[in-house]
1. Considering only residues that are within 14 Å of the ligand (Cβ to nearest atom) and part of a helix (DSSP H, G or I), which ones fall in the range 383-415?
2. Assess whether residue 41 counts as being within 16 Å of the ligand (Cβ to nearest atom) and out of contact with any helix residue (DSSP H, G or I) (no Cβ under 7 Å at 6 or more places or on another chain).
3. For the range 212-304, list the strands (runs of 3 or more DSSP E) that sit wholly inside it and hold at least 2 residues that are within 16 Å of the ligand (Cβ to nearest atom) and in contact with a strand residue (DSSP E or B) (Cβ under 7 Å, 6 or more places away or on another chain); which are they?
4. Just a yes or no: is a residue in the range 418-432 closer than 29 Å to residue 220 by Cβ, assigned to a helix (DSSP H, G or I) and touching a helix residue (DSSP H, G or I) at 6+ places or on another chain (Cβ under 7 Å)?
5. Any residue that is crowded, with 22+ Cβ neighbours inside 10 Å and without any contact (Cβ under 8 Å) to a residue 60 or more places away in the chain - is there at least one of those in the range 255-265?
6. Taking residue 370 and the conditions (1) away from the ligand (no atom under 14 Å from the Cβ); (2) buried (at least 18 other Cβ atoms within 10 Å of the Cβ); (3) at pLDDT below 95, which numbered condition does it fall short on, given that it satisfies the others?
7. List every residue pair whose Cβ atoms lie under 6 Å apart, where the two residues are 6 or more positions apart in sequence or sit on different chains, the first residue falls within the range 405-420 and is more than 12 Å from residue 323 (Cα to Cα) and at pLDDT below 95, and the second residue, located anywhere, is assigned to a loop (DSSP other than H, G, I, E, B) and within 11 Å of the ligand (Cβ to nearest atom).
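The values are calculated or read from the model by the stated rules, or taken from the named source; none is laboratory data. Owing to the predicted nature of the structure, the values given are computational and were not obtained by experimental measurement. Glycine also receives a Cβ, built like all others from the backbone with ideal geometry; neighbour counts cover every protein chain displayed.
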Ligand code: ADP
């Protein structure tokens, strides 16, 4: 068996997989979200460590696993979140600053005004945004003189959640290349930490950063004494979105996956050479196998499933998310009604934080069915816009789109997505794609499975073929483009 830890923003899940990808046991626990000031989001790292140990214990017990039966451990995690911990004990030295935390917005704006964004983009494939880890470390070093002192003396360590868990589990201070590429401190073409970026972000001591390791390969072993009697080789690590891309078997250039959750993350395998990404997209390391990096283009759409939540909670016109499917299907056409769900600004491929949502094309005949349909269609149009940006800038033409996430259960949405893209949509059979990806990397890293077996782990997928004629597709996309243009214009110059 292979144990996977999925340390997410809301909670931590442990899954025990058979070598063929079937789930033998799982356990999940939430942890507290702390909002000490407006825009700040923190996690307690001790709590995360305790929850991680607890869910692993439950999953191991649930499967009746005896020592030696679990042959590899994989970690996947919420990305970009900063952990600071003691170089000996691994005890946290500060609360984790979560990826959602906006406390460094001003610092990012200053760096942008000083003209540093182009260089950051060229070196990292990312943007100057508080989302990424670099300015979070700079903030901590500035605020906490004692911590800064410790860091200079080599007594403090920094890293993302994977590096914190790897240290606590195995005593190794490592981070895999996919996680390291999200810090904005890595020269992703060169493959290592960048002194220039450490300097730019306020003198971050490189020695306090983890060693960057491959995403598959044995790093160390859990201590049996502290890990429920099991000494398991830690053999795979990847950030959550990259792990999902791997689990979908998107191993060749142009293979793409979209996860339909609260928002959507669309990742396209961009092959083995890095080029700075087109406007509105990020480029990141998908995984490092041996010394070979595979890159991915990434688009983040902020509001997709959340638009359906808003119909339920904000407007109270549906009782649950699944009801949107029957409502949307009750109409033969959107009848000109469009919903641009820019409820928290627009993400990829526009990045317009000031944008606000709109519903247009209403008539006396419009009903809640029109709103449900417009919300679901909007999920598909936004994803299509990201795919178009990838195609336009890189010439990567997708043969199909592999998908997962809560809203992928919606058959109307999946058919409409296939219709609007004009390519098949392939739905994953299970919800735990991130954990499956971590398990697959660990299996590969421990030599339990081969690269050609990865796509077989997924199990039976469901396929939606495009059926819409070209004229209808063009009419609908033109209608969406007009509605979107209205939202962009309203956001001002
Ligand atoms: P996250 O990981 O972001 O919490 P999930 O993958 O659990 O998200 O998906 C939850 C989201 O999917 C919610 O925003 C919900 O509105 C949406 N959702 C769930 N089921 C459906 C459905 N049948 N149709 C449309 N949207 C759905």
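1. Within the range 383-415, 383, 406, 407, 408, 409, 411, 412, 413, 414, 415 qualify.
2. So residue 41 passes the test.
3. Correct list: 256-260, 264-271, 292-301.
4. Looking for residues that are closer than 29 Å to residue 220 by Cβ, assigned to a helix (DSSP H, G or I) and touching a helix residue (DSSP H, G or I) at 6+ places or on another chain (Cβ under 7 Å), one finds none in the range 418-432, hence no.
5. There is at least one residue in the range 255-265 that is crowded, with 22+ Cβ neighbours inside 10 Å and without any contact (Cβ under 8 Å) to a residue 60 or more places away in the chain.
6. Evaluating residue 370 over (1) away from the ligand (no atom under 14 Å from the Cβ); (2) buried (at least 18 other Cβ atoms within 10 Å of the Cβ); (3) at pLDDT below 95 leaves (3) as the failure.
7. 405/261; 406/261
Every residue, every condition in (1) assigned to a helix (DSSP H, G or I); (2) modelled with pLDDT of 95 or more; (3) in the same structural domain as residue 237 (by TED's automatic domain parsing); (4) closer than 21 Å to residue 237 by Cβ, yes or no:
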| site | (1), (2), (3), (4) |
| --- | --- |
| 49 | yes, yes, yes, yes |
| 52 | yes, yes, yes, yes |
| 55 | yes, yes, yes, yes |
| 60 | yes, yes, yes, yes |
| 67 | no, no, yes, no |
| 70 | no, yes, yes, yes |
| 74 | no, yes, yes, yes |
| 80 | no, no, yes, yes |
| 83 | no, yes, yes, yes |
